[in-house]
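The values are calculated or read from the model by the stated rules, or taken from the named source; none is laboratory data. Values in this document were obtained by computation on a predicted structure and should not be read as measured data. Cβ atoms come from the backbone with ideal geometry, glycine included; neighbour counts cover every protein chain shown.
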Amino acid sequence: MKKDFWYDLPKELIAQEPASPRDAARLMVLHRDSDEIEHRVFRDLLDYLMPGDLLVVNNSKVLPARIVGVKQPTGAVCELLLLRQVKGDQWECLAKPGKRMHPGNTVSFGDGSLTATVDETLEDGNKLVTFHYDTETLYEKLDAFGKMPLPPYITKQLEDQSQYQTVYAKELGSAAAPTAGLHFTPELMDAIRAKGVGIAEVTLHVGLGTFRPVQEDEIADHKMHSEWYSISEDTARQIQAAKAAGRRVIAVGTTSCRTLEAVAAKYGEIKACSGNTSIFLYPGVPFRCIDGLITNFHLPESTLIMLVSAFYGYDKTMAAYKAAVDERYRFFSFGDAMLIL
């Protein structure tokens, strides 16, 4: 039941900015074999990795996808949040105020060199919008006019937009950051490689549906959103080699985890491929690929806390969350992390 995944969180434990430096965030280490819980710092991750382990990271880059403009010809202020590219310059967007934006309406941004025309209102209220611009790509306009689409529980403005990107982000397309990766620094990445630990990249463009609470009382009735993923030949080879050698594959973040588990469930192995996945991992659903998981502390009743419970066990996960509240860990996107091995 959905309510089984509720926990009480004091508002002051919701992190408003990342740790500085990033790897100074706290790290709760959860041992699946012994049920031991350790309280460490993220850079101590090195102590738990062994030569031959393979970390799998999501290299998706967040679009500065929140743009504020004015409706033509009324001048009313409107906001669009780009969720996913449908085809060409048509995108699915979240619109505010959505009820006042109808098919045929046009919104102008900045100096007017970027405009958007509403094509259609979808069942869930989202809009299909076509953009028009005078640059080679839409991304150039988003860089000029866009802001990072921070979750609503982060009310503090970013001093630097790069605070909401991982240090290995490269493939533009996410509406939100794969936040477990925010704790890595270039120096920590170098130290991990120097220890003989491999780092492989997958791409999964994160949609905002990731963070939405489950609405149905019975979680099995929940319909997951769909997200686009890609696994390269090189990454597939690295994972196949690690599994064949009995080495651990550790997913950095729920998005990397969902990518690997979706492909393993579909093909029975990890292979080079791309597509869309709406896999929902909750207690009782088997894991076929990963041996470890690095993740943040997630919202109550979200699909993400259900994923963690599926991997670590429901009772142990809820006990770990209680311990995190008692120990005053920082929660959500800019918060602290857990390592489950």
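Which of the residues spanning the range 1-45 are over 20 Å from the mean Cα position of the chain (by Cα) and assigned to a strand (DSSP E or B)?
If the condition is that a residue be over 20 Å from the mean Cα position of the chain (by Cα) and assigned to a strand (DSSP E or B), then 29, 30, 37, 38, 39, 40, 41 are the ones that fit.
Just to be sure I understand, how many residues within the range 144-178 are charged (D, E, K, R) and touching a Lys or Arg at 6+ places or on another chain (Cβ under 9 Å)?
If we filter the range 144-178 for residues that are charged (D, E, K, R), which is where we start, we get 147, 156, 159-160, 170-171.
Add one more test, that the residue is touching a Lys or Arg at 6+ places or on another chain (Cβ under 9 Å), and what stays is 147, 170-171.
Qualifying residue count for the region: 3.
Under 6 Å by Cβ, and 6 or more places apart or on different chains, what pairs join a residue from the range 121-139 that is closer than 10 Å to residue 93 by Cβ with one that is among the small types (Gly, Ala, Ser) and assigned to a loop (DSSP other than H, G, I, E, B)?
none
Looking at the range 123-143 only, could you name the residues that are of a type outside the set (Phe, Trp, Tyr) and more than 24 Å from the chain's Cα centre (by Cα)?
Our first condition is that a residue be of a type outside the set (Phe, Trp, Tyr); within the range 123-143, this holds for 123-130, 132, 134-138, 140-143.
The answer is 123, 130, 132, 134, 135, 136, 137.
Can you tell me which of 75, 52, 69 is among the small types (Gly, Ala, Ser), outside any loop (DSSP other than H, G, I, E, B) and either in contact (Cβ under 8 Å) with a residue 12 or more places away in the chain or more than 30 Å from residue 275 (Cα to Cα) (or both)?
69
State which residue is surrounded by the fewest Cβ atoms within 10 Å (Cβ to Cβ) when the search covers only the range 108-165 and only residues that are touching a strand residue (DSSP E or B) at 6+ places or on another chain (Cβ under 7 Å) and among the basic types (Lys, Arg).
So, considering only residues that are touching a strand residue (DSSP E or B) at 6+ places or on another chain (Cβ under 7 Å) and among the basic types (Lys, Arg), the one surrounded by the fewest Cβ atoms within 10 Å (Cβ to Cβ) is 147.
Within the range 170-186, can you find the residues that are outside any strand (DSSP E or B), surrounded by fewer than 20 Cβ atoms within 10 Å (Cβ to Cβ) and touching a strand residue (DSSP E or B) at 6+ places or on another chain (Cβ under 7 Å)?
The first filter runs over the range 170-186 and keeps only residues outside any strand (DSSP E or B), leaving 170, 175-186.
Those still in the list that are surrounded by fewer than 20 Cβ atoms within 10 Å (Cβ to Cβ) too: 170, 185-186.
Residue satisfying the conditions is 170 alone.
Name every residue in the range 124-138 that is under 16 Å from residue 85 (Cα atoms) and part of a loop (DSSP other than H, G, I, E, B), in order of residue number.
Matches in the range 124-138: 126, 137.
From the list 237, 258, which one is assigned by TED's automatic domain parsing to the domain that holds residue 202 and touching a helix residue (DSSP H, G or I) at 6+ places or on another chain (Cβ under 8 Å)? Explain how you work it out, then say what you get.
Working: 237 fails: touching a helix residue (DSSP H, G or I) at 6+ places or on another chain (Cβ under 8 Å).
Of the residues listed, the single one that is assigned by TED's automatic domain parsing to the domain that holds residue 202 and touching a helix residue (DSSP H, G or I) at 6+ places or on another chain (Cβ under 8 Å) is 258.
Just to be sure I understand, how many residues within the range 190-224 are of a type outside the set (S, T, N, Q) and out of contact with any Leu (no Cβ under 8 Å at 6 or more places or on another chain)?
20
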